[in-house]
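S.K.: Attaching a single structure in structure tokens format; questions to follow.
Just so it is clear, none of the values below were taken in a lab; they were calculated from the coordinates. Computed from a prediction, not measured in an experiment: that's the story for all the values here. For neighbour counting, all protein chains shown are included, and Cβ atoms are generated from backbone atoms with ideal geometry for every residue, glycine included.
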Amino acid sequence: MTSELKRLWQGLAMNNKCQWLLFMLFMLPVCTYGHSSSEAYLSLQIKANQASGAWEFSLRDLEYVVGVDANGDGKITWNDIKQRETAIQQYILSGVHIIQREQACSVTPGETMLNNRQDTVFLHLPIRVVCADSIEQLTLQYQLFFSQDIRHHAIWTIASSSGSVNRISSANNRWLQVDLMEPTSYLGFKEFVSQGIWHIWIGLDHILFLILLMLAVENSLKHLQRREHNRQRWLRVIKTVTAFTLAHSVTLALATTGWFMLPTSWVESAIALSVILAGFNVLFKWVNERLWLFAFGFGLIHGFGFASVLLDLGLQKSNLLLNLLAFNLGVELGQLVIVVLAIPVIAGLGKMNSSGIFIRHTATAGVIMLASVWFVQRIAM
């Protein structure tokens, strides 16, 4: 079977029409993830058997599921929102439930407002929650927007007299159990580790940059004897990934603690540009021996991208350093999984000679085009 597949790829590599067909097939599924996933923000401040707070949902998401543009002119105005206010609130309340001791708490919405988050307009809905008993344990059910975006997630910030905790609802985690009597620092550490892992795994631009670095490492091994490959491969991978890790850890800490920040649109555009340049580096072998410097330089930019995510999780000053450490640990664990899975595949392609080169170059060209689309979209924000 292996030899048959190898002959097939070699035959395809000689056919330009097949190359372009495969290229387009590669691009179609990937381009559907050109935009970042949607988010919602839900906060609760708990006192005895009641809670107050605010829930925020992007108008873009609400337009998809409710139709906020009441007159269909392609523009969402405040008048459109007021006309659709009842339908919007009904949709939200049908998909978010707060349960205490297996009994649903009542949720009363307040007056709708608007808020801006990272150049996106959000509907701001104040809410009041009343439960039958004093709130010590909660079950949070969140079911909104997943049919439109499987990567959508809702960030909960729950504060009480014992502290504050962040939790995340996602398509695979729609029911959350929150024990407010458990130490919040422990809860927060676990949650921020898991969020670090999650955000590196859904950050396609970060993943592609890492994989392109691994492809560049493989290119740098071509002049070595076969017996030296494995040892040098892992040494260079460790050196490159460590440089990337140190760089983004530094800027993540600087931005999160407020020492130095950059506009989000600049950072996201620069991240897309880093993927483009990493792709060209794979094709034209600009940087081989000092790839770690390339990784370190762009790692500084990627760190600002991680910081924007971390800041959106609602950091509390009392646990800032602990949460920063936990989130960064999660990012590194998620990154380690990606590298460990990618290296054997890339090494296998390196042994396939012309067919392996065809696959690598075709995929890299697709990534460059995708990142170019991202760059244009982001720089126009």
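S.K.: On a C-alpha basis, how far is the centre of the stretch 111-144 from the centre of the stretch 341-381 in Å? Whole number, if you could?
M.R.: Answer, in whole Å: 41.
S.K.: Let me ask another. Viscosity 1.306 mPa s, temperature 10 °C: give me the Stokes-Einstein translational D for the stretch 81-149 in µm²/s, with Rh taken as the Kirkwood radius over C-alpha pairs.
M.R.: Taking Rh from Cα pairs, D becomes 116 µm²/s.
S.K.: When N is the residue count of the stretch 39-182, what does its C-alpha Rg come to as a fraction of 2.2 N^0.38 Å?
M.R.: 1.06
S.K.: A further question on this structure: So how much slack lies between Lys47 and Arg117, counting 0.36 nm per residue of separation and subtracting their Cα-Cα distance, in nm?
M.R.: 22.4 nm
S.K.: Same structure, new question: With a point put 7 Å past each Cα toward its Cβ, work out how far Ser94 is from Val130 in nm, to one decimal.
M.R.: 2.5
S.K.: Can you tell me how the stretch 246-310 classifies by the Cα gyration tensor, rounded, prolate or oblate, using a/c under 1.5 as the rounded cut?
M.R.: Oblate is the answer for the stretch 246-310, as a/c is 1.5 or above yet b/c matches or exceeds a/b.
S.K.: Run the numbers on the stretch 39-182 and let me know its relative contact order in percent, using alpha-carbon pairs under 8 Å that are six or more apart.
M.R.: Here the relative contact order equals 29 percent.
S.K.: Compute the length gained on full extension between Gln83 and Thr257: take 0.36 nm times their separation in residues and subtract their Cα-Cα distance, giving the result in nm to one decimal.
M.R.: In short, 58.5 nm is gained.
S.K.: May I ask you to derive the relative contact order of the stretch 273-369, considering only C-alpha pairs under 8 Å and at least 6 residues apart, and to give it as an integer percent?
M.R.: About 50 percent, as a whole number.
S.K.: Run the simple label-point estimate for Lys75 and Ala104 please: 7 Å along Cα→C-beta, distance reported in nm.
M.R.: It is 3.9 nm.
S.K.: For the stretch 266-381, which semi-axes, largest first and in whole Å, follow from the square roots of 5 times the eigenvalues of its Cα gyration tensor?
M.R.: In descending order the semi-axes read 31, 19, 12 Å.
S.K.: I want to make sure I understand the PRE zone here: with the label point 7 angstrom from the Cα of Phe280 toward its beta carbon, which residues in the stretch 354-380 have backbone N atoms less than 13 Å away?
M.R.: Under cut-off, by backbone N: 368-369, 372.
S.K.: With r defined as the distance between the Cβ atoms of Leu235 and Val337 and R0 fixed at 25 Å, what FRET efficiency is calculated, to the nearest 0.05?
M.R.: Once the sixth-power term is evaluated, E becomes 0.80.
S.K.: Another question about this same structure. Can you give the FRET efficiency for Val345 and Val376, using 1/(1 + (r/R0)^6), R0 = 30 Å, r = Cβ-Cβ distance, to the nearest 0.05?
M.R.: So, using R0 = 30 Å, E works out to roughly 0.50.
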